[in-house]
Amino acid sequence: MFKVTKREGIARRGEFTCAHGDTVQTPVFMNVGTQGAIKGAVSAHDLKKLGCQIELSNTYHLHLRPGDSVVRQLGGLHRFMDWDGPILTDSGGFQVFSLSGLRKITEEGVTFASHIDGHRIFMGPEESMQIQSNLGSDIAMAFDECVENPAPYEYVKASCERTLRWLERCKSEHDRLNSLPDTINRQQMLFGINQGGTYADLRVWHMKEIAKLDCEGFAIGGLAVGEETQVMYDIIDAVEPFMPQEKPRYLMGVGTPSNIIESVARGVDFFDCVMPARNARHGKLFTWAGAINIKNEKFKLDGRAIDGHCDCPVCQSFSRAYLRHLFVAEEMLAMRLAVMHNLYFYNSLMERIRTALDEGAFEAFRQEYSKKLSGRAN
RNA sequence: GGAGGAGUACCCAAGUGGCCAAAGGGGGCAGACUGUAAAUCUGUUACGUUUCGUUUCGAUGGUUCGAAUCCAUCCUCCUCCA
């Protein structure tokens, strides 16, 4: 269930509820735990402390390891990873893009050569729905093809037409699975995904078509996969008017703090991105004055917290100099602390966006931070 | 004391007459990262007035048009014999 509680221009403040956890306050950032764990030794228990409202995991990866039937036998993903909040599972559609050298697409679905051992795995709309049902997530994503940008118009057109047909198949399989008595989470929702590359006409056509299907939410996929940032914004601007007002909108895989602020301004409610976790593992930490590379020599004797205005558990206790030392010495703790900080930062960024929306001050917030957060801090 | 071996850039290590300011690895410095094949990948690492010049391969001297590479002496380290 979703309702918009406040608006400022196109930007929306909302509340979302599903079968698990408390009401989700939107706009929200979903913390990515692809294989049922946040990379960098961060557990679901840690996520609680970091202000995470929704966790995201991946169909393809969990199907390969440990296997969705294993997860199901152990009570579903919530119990398996001991996270009682909402879980969204991505469908495997992104792997059609990221593993493009290891797969073949047909009308029926996609055959992957496992990135682990090369064995063949067929995944179509039905398989993706079955796996996500076994995982018991709260939101299942439609199985789509995420197309790289830029791509030829004719290819994108054929692809998004197929993605629409796949959505119809996802929908009927999803409804069937939810009606079975022994399904783990019979309240699982299905979100459709808009595609169409960088072509506004295809995007709008596709959005109008998928909006006819009764999905509980709609995502914009296939962005931030090669195109210029402004092109991404232009596509969101083009598609947004055709996204149902009363349903959540999810911009998949985005993005930088600035991308998030700019996309909230364009009417997006849900986000996810590997960036805070991956960048953290690589030593790039977010602060309210811009990002820093904690491995830089200039932090060798810096006794300050990563961010003086951050309330996260890391900033309460440790100095930049200590974090730098942990990175240079390749201690595992370096990644754990860095990931915890960055996730906390993203979650508090969303909280500040929500507060600004509540107070009718989002545009001012956007003016102050959109640019600043994409720069460098000292 | 005798015999043999070795000294190359921050470290390890290739190179044994010109294509060598010198492979490769490590370390250092910096950059990238957007629904995670990522604790990954990329660049850079003698000096300068930088499409070129200067100095450099333990030291000094020599051979040669040309030397990290050949010769002499010296210094240092290692192994074996006494």
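If A:Tyr344 satisfies all but one of (1) touching a strand residue (DSSP E or B) at 6+ places or on another chain (Cβ under 9 Å); (2) buried (at least 19 other Cβ atoms within 10 Å of the Cβ); (3) of a type in the set (Ser, Thr, Tyr), what's the number of the condition it fails?
(1)
Kindly evaluate A:Val254 against the criterion of being buried (at least 21 other Cβ atoms within 10 Å of the Cβ), away from RNA strand B (no atom under 11 Å from the Cβ) and among the aliphatic types (A, V, I, L, M). Quick ask: steps written out before the conclusion?
Values: buried (at least 21 other Cβ atoms within 10 Å of the Cβ): yes; away from RNA strand B (no atom under 11 Å from the Cβ): no; among the aliphatic types (A, V, I, L, M): yes.
Answer is no for this residue.
Considering each of A:Ala211, A:Ala219 in turn, give the residue that is small (Gly, Ala, Ser), in contact (Cβ under 8 Å) with a residue 24 or more places away in the chain and open to solvent by 10 Å² or more (accessible area, probe 1.4 Å). Give the steps one after another, and end with the answer.
Details: A:Ala219 fails: open to solvent by 10 Å² or more (accessible area, probe 1.4 Å).
Result: A:Ala211 is the single residue among A:Ala211, A:Ala219 that is small (Gly, Ala, Ser), in contact (Cβ under 8 Å) with a residue 24 or more places away in the chain and open to solvent by 10 Å² or more (accessible area, probe 1.4 Å).
Name, by its number, the condition in (1) out of contact with any His (no Cβ under 7 Å at 6 or more places or on another chain); (2) more than 30 Å from A:Thr5 (Cβ to Cβ); (3) modelled with pLDDT of 95 or more that does not hold for A:Thr355.
The failed condition is (2).
Go through (1) open to solvent by less than 50 Å² (accessible area, probe 1.4 Å); (2) within 19 Å of A:Leu357 (Cα to Cα); (3) away from RNA strand B (no atom under 14 Å from the Cβ) and name the single condition A:Phe29 misses.
The failed condition is (3).
Just to be sure, is A:Glu363 open to solvent by 10 Å² or more (accessible area, probe 1.4 Å), more than 16 Å from RNA strand B (Cβ to nearest atom) and either in contact (Cβ under 8 Å) with a residue 24 or more places away in the chain or hydroxyl-bearing (Ser, Thr, Tyr) (or both)? Before you say what the answer is, go through the steps one by one.
Details: open to solvent by 10 Å² or more (accessible area, probe 1.4 Å): yes; more than 16 Å from RNA strand B (Cβ to nearest atom): yes; either in contact (Cβ under 8 Å) with a residue 24 or more places away in the chain or hydroxyl-bearing (Ser, Thr, Tyr) (or both): yes.
Against the criterion (open to solvent by 10 Å² or more (accessible area, probe 1.4 Å), more than 16 Å from RNA strand B (Cβ to nearest atom) and either in contact (Cβ under 8 Å) with a residue 24 or more places away in the chain or hydroxyl-bearing (Ser, Thr, Tyr) (or both)), A:Glu363 qualifies.
For the subset of the range A:127-161 comprising residues that are closer than 14 Å to A:Gly192 by Cβ and of a type in the set (A, V, I, L, M), which member is surrounded by the fewest Cβ atoms within 10 Å (Cβ to Cβ)?
Looking at residues that are closer than 14 Å to A:Gly192 by Cβ and of a type in the set (A, V, I, L, M), I get A:Ile139.
I need every pair where a residue in the range A:318-347 that is in contact (Cβ under 8 Å) with a residue 24 or more places away in the chain has its Cβ under 6 Å from the Cβ of a residue that is open to solvent by 50 Å² or more (accessible area, probe 1.4 Å) and part of a helix (DSSP H, G or I), sequence separation at least 6 or different chains.
If the second residue must be open to solvent by 50 Å² or more (accessible area, probe 1.4 Å) and part of a helix (DSSP H, G or I), the pairs left are A:Met335/A:Arg281.
Does the range A:290-304 contain any residue that is crowded, with 18+ Cβ neighbours inside 10 Å and in contact (Cβ under 8 Å) with a residue 60 or more places away in the chain?
Of the range A:290-304, the ones crowded, with 18+ Cβ neighbours inside 10 Å are A:291-292, A:294, A:299, A:302.
Narrowing further to those that are in contact (Cβ under 8 Å) with a residue 60 or more places away in the chain: A:291-292.
Looking through the range A:290-304, at least one residue is crowded, with 18+ Cβ neighbours inside 10 Å and in contact (Cβ under 8 Å) with a residue 60 or more places away in the chain.
Take A:Asp311 and tell me if it is touching a residue at least 24 places away in the same chain (Cβ under 8 Å) and open to solvent by 10 Å² or more (accessible area, probe 1.4 Å). Steps first, answer last, please.
Details: touching a residue at least 24 places away in the same chain (Cβ under 8 Å): yes; open to solvent by 10 Å² or more (accessible area, probe 1.4 Å): yes.
Considered against the rule, which asks whether it is touching a residue at least 24 places away in the same chain (Cβ under 8 Å) and open to solvent by 10 Å² or more (accessible area, probe 1.4 Å), A:Asp311 comes out as yes.
Which of the helices (runs of 4 or more DSSP H) found entirely inside the range A:62-121 contain at least 3 residues meeting this: within 16 Å of RNA strand B (Cβ to nearest atom) and open to solvent by 30 Å² or more (accessible area, probe 1.4 Å)?
Values: elements: A:68-73, A:77-81, A:93-98.
Ranges flagged: A:93-98.
Condition (residue is on the phi > 0 side of the Ramachandran plot and within 13 Å of RNA strand B (Cβ to nearest atom)) applied to the range A:40-56: is it met by at least one residue? If you could, list the steps in order and put the result at the bottom.
Residues of the range A:40-56 that are on the phi > 0 side of the Ramachandran plot, as a first pass: A:40-41, A:51.
Going one step further and asking which of them are within 13 Å of RNA strand B (Cβ to nearest atom), we end up with A:40-41.
Yes, the range A:40-56 contains at least one residue that is on the phi > 0 side of the Ramachandran plot and within 13 Å of RNA strand B (Cβ to nearest atom).
Please work out which residue is most open to solvent (accessible area, probe 1.4 Å), limiting yourself to the range A:32-61 and to residues that are of a type in the set (Val, Ile, Thr) and part of a loop (DSSP other than H, G, I, E, B).
First, the residues of the range A:32-61 that are of a type in the set (Val, Ile, Thr): A:32, A:34, A:38, A:42, A:54, A:59.
Within this subset, residues satisfying the condition of being part of a loop (DSSP other than H, G, I, E, B) are A:34, A:54.
Details: A:Thr34: 33, A:Ile54: 0 Å².
Selected residue: A:Thr34.
Kindly provide the set of residues from the range A:151-164 that are assigned to a helix (DSSP H, G or I) and more than 10 Å from RNA strand B (Cβ to nearest atom), ordered by number. Before the answer, list the steps.
First pass over the range A:151-164, keeping only residues assigned to a helix (DSSP H, G or I): A:153-164.
Hits for the range A:151-164 are A:Tyr153, A:Glu154, A:Tyr155, A:Val156, A:Lys157, A:Ala158, A:Ser159, A:Cys160, A:Glu161, A:Arg162, A:Leu164.
Restricting to the range A:127-150, name every residue that is among the acidic types (Asp, Glu) and within 10 Å of RNA strand B (Cβ to nearest atom).
Residues of the range A:127-150 among the acidic types (Asp, Glu): A:127, A:138, A:144-145, A:148.
Listed by number, the residues that qualify are A:Asp144, A:Glu145, A:Glu148.
The values are calculated or read from the model by the stated rules, or taken from the named source; none is laboratory data. Because the structure is a prediction, the values reported are computed rather than measured. Neighbour counts run over all protein chains shown; Cβ positions are idealised from the backbone, glycine included. Side chains are part of the model used for accessible areas, which takes the heavy atoms of the whole protein and leaves out ligands, DNA and RNA. Shrake-Rupley method; radii C 1.70, N 1.55, O 1.52, S 1.80 Å.
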